[in-house]
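One structure is given here, and the rest of the page talks about it.
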Amino acid sequence: MAVLEILEFPDPRLRTVASPVTEFDDDLQALIGDLFETMYEAQGIGLAATQVNVHKRLLVIDLSENKDSPQVFINPEFEVIDDEETEYDEGCLSVPGYYETVCRPKAIRVTAQNINGEQFELEATGLLSTCIQHEIDHLNGKLFVDYLSTLKRNRIRQKLEKEHKKTA
């Protein structure tokens, strides 16, 4: 397994819409392992393949304190099952150091495939619902900063661009 480079906003590759996964092979297994290793190393709770410049519809999540409840979602889709919205202070490994309140549907039903290509469905609420929606947004070329005002988004962009120039 390897720790991969995480793309950071405003990198245009983060806007790429991911393609469906069609092959469930050893390469996919290796990529899933790399995604988990990268996410854990970065102290994250979710990571979409798009964030490491792999434009496949694949995401990993682990909300546990002990990093012992990994979840894999391949070709995920969701539908809203509760129109009530909930607010979370969202952060993102691709927007390091920034947290902003985002409103999202409270409950969703997710349909996805597991590592063997078998389809499964689950209902998610709370942080899991928010995390799944956040990561699926990545697969669709969208970031949590897109939910913010233009002013806030531009401020974050300018600060990150300045930091990138310092480290370049």
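The values are calculated or read from the model by the stated rules, or taken from the named source; none is laboratory data. Bear in mind the structure is a predicted one, so any value in this text is a computation, not a measurement. When we count neighbours, we look across all protein chains shown, and the Cβ atoms used for this are built from the backbone with ideal geometry, even at glycine. For the accessible areas, the whole protein counts, side chains as well, though only heavy atoms, and no ligand, DNA or RNA atoms are used. Shrake-Rupley method; radii C 1.70, N 1.55, O 1.52, S 1.80 Å.
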Legend entry - Number of the exception - C92 against (1) of a type outside the set (K, R); (2) crowded, with 20+ Cβ neighbours inside 10 Å; (3) touching a Cys at 6+ places or on another chain (Cβ under 8 Å): (3)
Inset, instruction - For residues that are of a type in the set (D, E) and part of a helix (DSSP H, G or I), scanning just segment 35-74, find the one that is least open to solvent (accessible area, probe 1.4 Å). - result: E37
Inset, instruction - Test K67 against the criterion of being over 11 Å from H138 (Cα atoms) and among the basic types (K, R), and give yes or no. - result: yes
Inset, instruction - Write out, first by first residue and then by second, each pair whose Cβ atoms fall under 9 Å of each other, whose residues are 6+ apart or on separate chains, and whose first residue, in segment 114-143, is open to solvent by 40 Å² or more (accessible area, probe 1.4 Å) and β-branched (V, I, T) while the second is modelled with pLDDT of 95 or more and in a helix (DSSP H, G or I). - result: I115/L28; I115/Q29; I115/I32
Legend entry - First in segment 90-109 and under 18 Å from I61 (Cα atoms) and in contact (Cβ under 8 Å) with a residue 60 or more places away in the chain, second anywhere and of a type in the set (G, A, S) and open to solvent by less than 30 Å² (accessible area, probe 1.4 Å), Cβ under 7 Å, 6 or more apart: L93/G44
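Quick one: count up the residues across segment 5-34 that are part of a helix (DSSP H, G or I), aliphatic (A, V, I, L, M) and surrounded by fewer than 17 Cβ atoms within 10 Å (Cβ to Cβ). Step through it out loud before you land on a result.
Within segment 5-34, the first condition is being part of a helix (DSSP H, G or I), and the residues that meet it are 12-15, 26-34.
Adding the requirement that they be aliphatic (A, V, I, L, M) leaves 14, 28, 30-32.
From the residues that got through so far, the ones that are surrounded by fewer than 17 Cβ atoms within 10 Å (Cβ to Cβ) too are 30.
Number satisfying all stated conditions: 1.
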Inset, instruction - Six or more apart or on different chains, Cβ under 6 Å: which pairs go from a residue in segment 8-37 that's closer than 15 Å to N75 by Cα and in contact (Cβ under 8 Å) with a residue 40 or more places away in the chain to one that's in a helix (DSSP H, G or I) and open to solvent by less than 20 Å² (accessible area, probe 1.4 Å)? Could you list them? - result: A18/T50; A18/L139
Legend entry - Number of the exception - E79 against (1) within 23 Å of H55 (Cα to Cα); (2) in a strand (DSSP E or B); (3) among the charged types (D, E, K, R); (4) open to solvent by less than 60 Å² (accessible area, probe 1.4 Å): (4)
Inset, instruction - Considering every residue within segment 96-107, establish whether at least one is open to solvent by 30 Å² or more (accessible area, probe 1.4 Å) and within 15 Å of L139 (Cβ to Cβ). - result: no
